[in-house]
Structure formats: structure tokens, C-alpha cells
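Contents: one structure, followed by commentary.
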Amino acid sequence: MSKKGGKQNTGVTELSEPTEKKHVYQQKMEAQLKEWQAALEEQKAKLNQLRARAEQLEADAKIAVHETMAGIEKRMEEARAKIEIGNQQLQKLKAEGEEAWDDLKAGAGTAWDNLRFGVESAWDDVKKAIDHATARFK
């Protein structure tokens, strides 16, 4: 093992603290986005089940189900758009250098919190609407 400047060279590249914090933050964002995408897929499957049930109902009930589904689809689209914003924020964060990271981290945290609130609010609305519609149109 060689020594340079009094430090032992282990062959492992150490990241600076801001770079490490940025990396950890990116990992958290990626995990949250994956979780939201999985939740979107889960709700999409439930909506498809509801759609299949609607095909079996009488005409008046079908209209009510389709109106309910249209509202759910709108909220799902809003959630999808927010997830896309999150993906764009993550890509911007990945593209920024270490110096810019220090400037961005405070604003990124606030923006991410606002995005998370919007997505979670949309999910709550979608889940409640699907559960209500599923119970109503059994």
C-alpha cells in the first residue's frame, strides 16, 4: 500500500461531503418515484377491474360508473404529471455539479416536499374514489 501526503491509499475513491449528500438525496428521490410509479400501476389495475364491472351493469349504472372513472382518471393523470415533474427535478439534480448542489439543495428540498404533498394528495383522492366506486358498483 502506498502513502501519499500522510494518507493511506486504499484504492477507493472517497466522495466529498456535498457529493455524498447529493448522491443520498438522489437515491431517496429515485426510491420515492419508484414507489409512486408502483402505486400508480396498482391503482390502474383496480381501475381496470372497475371498468370490467361497469360492462356488466345496467345503462344508468354504467353512466354513473363511467363518470366516476373519468374523475379518477383525471386525478391519476394529475399524479402522473407530478411524477414526471419529479423525474425532471431528479434529472436536473443529477446534471448539476457539486458547486450548484449547495445552491440547489435548499430549494430542491422545498420543491420536493411540495411535489410529495401533491402526489400523496392525488393518491388519497384516487384510492378513496376507487374504493367508493368499487363498493358502490358491486
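The values are calculated or read from the model by the stated rules, or taken from the named source; none is laboratory data. Treat the numbers as computed from the prediction; the structure is a model and nothing was measured. Because the Cβ atoms are built from the backbone with ideal geometry, glycine has one as well, and the counts that use them run over all protein chains shown.
A few comments on the model shown:
- The listed residues are Thr68, Thr110, and the only one of them that is within 30 Å of Gln49 (Cβ to Cβ), among the hydroxyl-bearing types (Ser, Thr, Tyr) and part of a helix (DSSP H, G or I) turns out to be Thr68.
- When Glu30, Glu14, Glu42 are screened for being at pLDDT below 85 and either surrounded by fewer than 15 Cβ atoms within 10 Å (Cβ to Cβ) or assigned to a strand (DSSP E or B) (or both), only Glu14 passes.
- Residue within the stretch 53-65 that is touching a residue at least 12 places away in the same chain (Cβ under 8 Å) and either within 14 Å of Ala122 (Cα to Cα) or surrounded by fewer than 11 Cβ atoms within 10 Å (Cβ to Cβ) (or both) present: no
- Options Ala133, Ala122, Ala79: the member that is in a helix (DSSP H, G or I) and touching a Ser or Thr at 6+ places or on another chain (Cβ under 6 Å): Ala133
- Matching residues, the stretch 74-91, being surrounded by 14 or more Cβ atoms within 10 Å (Cβ to Cβ) and among the acidic types (Asp, Glu): Glu78
- A count restricted to the stretch 92-125 and to residues that are loosely packed, with under 14 Cβ neighbours inside 10 Å, of a type outside the set (Phe, Trp, Tyr) and either modelled with pLDDT of 75 or more or closer than 29 Å to Glu77 by Cβ (or both) stands at 9.
- Lone unmet requirement of (1) assigned to a loop (DSSP other than H, G, I, E, B); (2) of a type in the set (S, T, N, Q); (3) within 30 Å of Leu15 (Cα to Cα) for Gln56: (3)
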